[in-house]
Amino acid sequence: NDAGEKLQILSGTIARIDRNVPEFNTVYNDENTFYAGAGAGTSGGSSGSPVLNKEGRAIALNAAGQEGAASAYFLPLDRVQYALERLREDEPVARGTCMAAFLFKPFDELMRVGLHERDEREVRQASPESIGLLIVDSVLCEQTVLKTGDILLRLEGFVCPGFVELEQVLDSKVGTSVAMKVCRGGTDLDLQVPVADLHALIPRSFVELGLDTLHAIGYHAARRAHLPLDIGMYLAKVGYVFSSLGCGRAALIAAVGKTPTPTPQAFVKALADIPHRQYFQVSWYELAEFRRDRTLKTGFAKMSRAWFPLRLWSCQGSRGGPERWVAEDFPVPPPAPPPPLALAPPGSFTGGDQLVRKLRSSLVTIRFRTDRRLCTEANYTGSAEGFGLLVDADQGLVLTDRHSVPQSLGDVEVTLAGMATVDAEVLFVHPLHNLAIVRCD
């Protein structure tokens, strides 16, 4: 499907099969595997297409390409074949990780960071075709044994010249540890490195609230931002609640009030007692600008439970077998009692029009907000602000225009005398004239 064409077959030349993982402009990047570099000239739509050799056998998958060039990157099928065989046998596909990303470097480059000549000779004797070794490029915060720059000399007592051998050992040692001999700054060290279950580090539950979708930060985002796996909740889709906070997509919700939210369960527990239309404090990071701004931001979001419940989705089932997603809805807490309003009398206003002086105490500020997916008459942002006139204090009727309140489906707040903000509801929107009436307490 290259460039949207079906059954399109392109020719190409594979230049090397030991290329390191290409850096994609996304949170999700591959690691600990070789890629094949080729000149194929593929474009969008061909990702996932099989790469065939001259005998017609599949040898790789087309993964990506470089814009403005003919370079293409193919994923070899070594571990793909392993996963396919496990699935055919109805067995779970074990995936182990030492919470570190390796790169393949030639011997001459490794000499500059401490590799000894005797180590090179040992590797060449064990594997004559080897031209380099693996070196640690980055580690997760939870990895305290390996350090960036460690050169992997031996794995379980054997020379490990490539990623295929590394993944074979890690996948067979999930939940235990592996023996690694590394060279760190010219010093050889024997280490016991724990092997974690990679499946357990991928989010298998998420939270829905007011069209917002959040899940744990997960392995890939934590590795890219160099953050702990329990730092907070990843805002995958901005909805109605957290758009009032002013944070963007890919924000990381670290705490609700003073309660940390490391897991979906902790996040749901922190939100369970917050009533409808109640403001609550949120602390978050902006991951989109995290490389230059690591400031923990604090603000207030407004809870909304009228349209969508607080719901926790969990994936149940064995890994590698049938799975199903199960939802758990949480009850709506009783509404909070309205706080007493203490409005000061309007100050004296001299000069100007007499009618203006008379109506000054009846002028209010109106703020309307709805989700962008529910806009019927509102602008594309789903929010509007304006002014209104309190025409009936006993019934709380406020007269305004359709720019301030464009539709009835939304949340309305009225600020009285510039000091107290109360919730309101849309009572009437005129279908033709620029007129709307809202009612507040």
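Considering segment 14-48, the residues that are modelled with pLDDT of 85 or more and polar (S, T, N, Q) include one that is surrounded by the most Cβ atoms within 10 Å (Cβ to Cβ), namely 32.
Note on segment 222-244: residues that are within 29 Å of residue 197 (Cβ to Cβ) and open to solvent by 10 Å² or more (accessible area, probe 1.4 Å) total 12.
A Cβ distance below 8 Å, combined with a sequence gap of six or more or placement on separate chains, defines the contacts here; from segment 70-95, residues that are free of Cβ contacts under 8 Å to residues at least 24 places away in the same chain reach no residue that is among the basic types (Lys, Arg) and open to solvent by 90 Å² or more (accessible area, probe 1.4 Å).
Give segment 245-261 a look and list any residue that's open to solvent by 30 Å² or more (accessible area, probe 1.4 Å) and of a type in the set (S, T, N, Q), or say none. Scanning segment 245-261 gives a single hit, 259.
Determine if segment 189-196 includes at least one residue that is out of contact with any strand residue (DSSP E or B) (no Cβ under 6 Å at 6 or more places or on another chain), in contact (Cβ under 8 Å) with a residue 24 or more places away in the chain and outside any loop (DSSP other than H, G, I, E, B). There is no residue in segment 189-196 that is out of contact with any strand residue (DSSP E or B) (no Cβ under 6 Å at 6 or more places or on another chain), in contact (Cβ under 8 Å) with a residue 24 or more places away in the chain and outside any loop (DSSP other than H, G, I, E, B).
Yes/no per residue for (1) over 26 Å from residue 97 (Cβ atoms); (2) out of contact with any Pro (no Cβ under 7 Å at 6 or more places or on another chain); (3) touching a residue at least 40 places away in the same chain (Cβ under 8 Å):
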residue: 8; (1), (2), (3): yes, yes, no
residue: 15; (1), (2), (3): yes, yes, no
residue: 24; (1), (2), (3): no, yes, yes
residue: 27; (1), (2), (3): no, yes, yes
residue: 31; (1), (2), (3): no, yes, yes
residue: 43; (1), (2), (3): yes, yes, yes
residue: 46; (1), (2), (3): yes, yes, yes
residue: 58; (1), (2), (3): yes, no, no
residue: 62; (1), (2), (3): no, yes, no
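Among the strands (runs of 3 or more DSSP E) confined to segment 262-323, there are none with at least 3 residues that are open to solvent by 80 Å² or more (accessible area, probe 1.4 Å), over 22 Å from residue 210 (Cα atoms) and among the basic types (Lys, Arg).
Inside segment 411-437, residues that are at positive phi and without any contact (Cβ under 8 Å) to a residue 60 or more places away in the chain make up a count of 1. Might you let me know whether segment 325-336 holds any residue that is at pLDDT below 90, touching a helix residue (DSSP H, G or I) at 6+ places or on another chain (Cβ under 9 Å) and not small (Gly, Ala, Ser)? Within segment 325-336, none of the residues are at pLDDT below 90, touching a helix residue (DSSP H, G or I) at 6+ places or on another chain (Cβ under 9 Å) and not small (Gly, Ala, Ser). Test residue 390 against the stated conditions and say whether it is surrounded by 18 or more Cβ atoms within 10 Å (Cβ to Cβ) and closer than 12 Å to residue 364 by Cα. Answer is yes for this residue.
For segment 124-164, taking the residues that are assigned to a loop (DSSP other than H, G, I, E, B) and among the small types (Gly, Ala, Ser), the one that is surrounded by the most Cβ atoms within 10 Å (Cβ to Cβ) is identified as 162. Kindly provide the set of residues from segment 165-188 that are touching a residue at least 24 places away in the same chain (Cβ under 8 Å) and part of a loop (DSSP other than H, G, I, E, B), ordered by number. Correct list: 173, 174, 185, 186.
The values are calculated or read from the model by the stated rules, or taken from the named source; none is laboratory data. Small disclaimer: the values here were computed from a predicted structure and weren't measured. Here Cβ is always computed from backbone atoms with ideal geometry, including for glycine, and neighbour counts include all displayed protein chains. These area figures cover heavy atoms from the full protein model, side chains too; ligands, DNA and RNA do not enter into them. Shrake-Rupley method; radii C 1.70, N 1.55, O 1.52, S 1.80 Å.
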